[in-house]
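As structure tokens, the structure follows; a few thoughts come after it.
The values are calculated or read from the model by the stated rules, or taken from the named source; none is laboratory data. Everything numeric here is computed off the predicted structure, so don't read it as measured data. For neighbour counting, all protein chains shown are included, and Cβ atoms are generated from backbone atoms with ideal geometry for every residue, glycine included. Heavy atoms of the whole protein, side chains included, go into the accessibility calculation; ligands, DNA and RNA do not. Shrake-Rupley method; radii C 1.70, N 1.55, O 1.52, S 1.80 Å.
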Amino acid sequence: MALKFFTMHGYEGASLSQIAETVGMKKQSLYAHFKGKDDLFLQVLQDAKEAELSSKLNYLSKVNTLNPKSVLFGYLQLIIDLFQQSEQLKFWLRMSFFPPLHLATAINKEVMDSEMQTQAVLEGKFQNWIDAKVIMEDAPSVPTLAFIGVVDSILLELAYGDNEKRLNDKLNASWTVFWRGISQR
């Protein structure tokens, strides 16, 4: 329930009293579980991070490693679907771009941890594709970071934009150029 309040009202607008009332308890009872609003907020954020990370890593663990075009485009579509359909992941996305100032350092640490875990798995996938000679030979960090740049541009559009056509145009343009750059000719 706290997720709903933090998503709708942001950190500043969410009230512990309203959260407690909605779940049928007194505000003081929340303090038996959380040290305060920051602690509750960071727990909601941690849960959202785990949901995002497990969704990404689960997808990457189940995909066909010899078809990078399908795997990578599917990953981009997964990102769009996750952040458009899940309130928890919308919250994660918003807080990664717009953290409450006094919690920015803690939130940035969580975001970077998630990014580094995902990057490590992606880099392993790119190394496998390079070894199998299904993409251009390069250091695996190069296509990994370029792909993360495509993902970041999609996340930026999801965070700031509200135009489905622009999102799809951006996805298709960035994907076309990226794939052209790594595919075997």
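Please work out which one of (1) open to solvent by 40 Å² or more (accessible area, probe 1.4 Å); (2) assigned to a helix (DSSP H, G or I); (3) more than 26 Å from residue 37 (Cβ to Cβ) is the condition residue 110 fails and give its number.
Condition (3) is where residue 110 drops out.
From the list 159, 104, exactly one residue is small (Gly, Ala, Ser) and out of contact with any Leu (no Cβ under 9 Å at 6 or more places or on another chain). Which is it? Walk me through how you get there before you give the answer.
Values: 159 fails: out of contact with any Leu (no Cβ under 9 Å at 6 or more places or on another chain).
Residue meeting the stated conditions: 104.
Mind listing whichever residues of segment 19-36 are in a helix (DSSP H, G or I) and surrounded by 15 or more Cβ atoms within 10 Å (Cβ to Cβ)? So that I can check it myself, show each step before the final result.
Of segment 19-36, the ones in a helix (DSSP H, G or I) are 19-22, 27-30.
19, 20, 30, listed by residue number.
Could you check segment 152-182 and list, in sequence order, the residues that are over 13 Å from residue 73 (Cβ atoms) and in contact with a Pro (Cβ under 9 Å, 6 or more places away or on another chain)?
The one that is over 13 Å from residue 73 (Cβ atoms) and in contact with a Pro (Cβ under 9 Å, 6 or more places away or on another chain): 181.
Could you grab me the full set of residues in segment 150-182 that are at pLDDT 95 or above and polar (S, T, N, Q)?
153, 168, 172, 174, 176
For segment 118-144, which residues satisfy the criterion of being among the aliphatic types (A, V, I, L, M), open to solvent by 30 Å² or more (accessible area, probe 1.4 Å) and closer than 22 Å to residue 96 by Cβ? Write out each step before concluding.
Start the filter on segment 118-144 by keeping residues that are among the aliphatic types (A, V, I, L, M), which leaves 120-122, 130, 132, 134-136, 139, 142.
Checking which are open to solvent by 30 Å² or more (accessible area, probe 1.4 Å) leaves us with 120-121, 132, 134, 136, 139, 142.
Across segment 118-144, the qualifying residues are 120, 121.
What number of residues in segment 11-29 are free of Cβ contacts under 8 Å to residues at least 60 places away in the same chain and under 22 Å from residue 92 (Cβ atoms)?
Filtering segment 11-29 for residues free of Cβ contacts under 8 Å to residues at least 60 places away in the same chain gives 13-29.
Still in the running and under 22 Å from residue 92 (Cβ atoms): 13-16, 18-19, 22-23.
Total meeting the criteria: 8.
Report yes if some residue within segment 43-53 is acidic (Asp, Glu), out of contact with any strand residue (DSSP E or B) (no Cβ under 7 Å at 6 or more places or on another chain), assigned to a helix (DSSP H, G or I) and under 30 Å from residue 174 (Cα atoms); otherwise report no.
Just the residues of segment 43-53 that are acidic (Asp, Glu), to begin with: 47, 50, 52.
Remaining after also requiring out of contact with any strand residue (DSSP E or B) (no Cβ under 7 Å at 6 or more places or on another chain): 47, 50, 52.
Checking the rest, the ones that are also assigned to a helix (DSSP H, G or I) come to 47, 50, 52.
When the remaining residues are screened for being under 30 Å from residue 174 (Cα atoms), the result is 50, 52.
Checked against the condition, which is being acidic (Asp, Glu), out of contact with any strand residue (DSSP E or B) (no Cβ under 7 Å at 6 or more places or on another chain), assigned to a helix (DSSP H, G or I) and under 30 Å from residue 174 (Cα atoms), segment 43-53 yields at least one hit.
Is it true that residue 39 is open to solvent by 50 Å² or more (accessible area, probe 1.4 Å) and in contact (Cβ under 8 Å) with a residue 40 or more places away in the chain?
Working: open to solvent by 50 Å² or more (accessible area, probe 1.4 Å): yes; in contact (Cβ under 8 Å) with a residue 40 or more places away in the chain: no.
Considered against the rule, which asks whether it is open to solvent by 50 Å² or more (accessible area, probe 1.4 Å) and in contact (Cβ under 8 Å) with a residue 40 or more places away in the chain, residue 39 comes out as no.
Among the residues of segment 146-185 satisfying the criterion of being of a type in the set (D, E, K, R) and outside any helix (DSSP H, G or I), which is nearest to the chain's Cα centre (by Cα)? It would help to see each step written out before you state the result.
Kept after step one, since they are of a type in the set (D, E, K, R), are these residues of segment 146-185: 152, 157, 162, 164-166, 169-170, 180, 185.
When the remaining residues are screened for being outside any helix (DSSP H, G or I), the result is 162, 185.
Working: 162: 17, 185: 32 Å.
Once the filter is applied, the top-ranked residue is 162.
Among the residues of segment 135-155, is there at least one that is touching a residue at least 60 places away in the same chain (Cβ under 8 Å) and polar (S, T, N, Q)? Full working, then the answer.
Initially, segment 135-155 is screened for residues touching a residue at least 60 places away in the same chain (Cβ under 8 Å), giving 135, 147, 150-151, 154-155.
Next, only the ones that are polar (S, T, N, Q) stay: none.
No; the residues of segment 135-155 include none that is touching a residue at least 60 places away in the same chain (Cβ under 8 Å) and polar (S, T, N, Q).
The rows are residues; the columns are (1) assigned to a loop (DSSP other than H, G, I, E, B); (2) more than 30 Å from residue 131 (Cβ to Cβ); (3) open to solvent by 60 Å² or more (accessible area, probe 1.4 Å); (4) at pLDDT 95 or above.
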residue: 4; (1), (2), (3), (4): no, yes, yes, no
residue: 58; (1), (2), (3), (4): no, no, yes, yes
residue: 66; (1), (2), (3), (4): yes, no, yes, no
residue: 74; (1), (2), (3), (4): no, no, no, yes
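Evaluate the following for residue 147: is it modelled with pLDDT under 95 and either open to solvent by less than 50 Å² (accessible area, probe 1.4 Å) or not charged (D, E, K, R) (or both)? Steps first, please.
On the way: modelled with pLDDT under 95: no; either open to solvent by less than 50 Å² (accessible area, probe 1.4 Å) or not charged (D, E, K, R) (or both): yes.
When the stated conditions are applied, residue 147 does not pass them.
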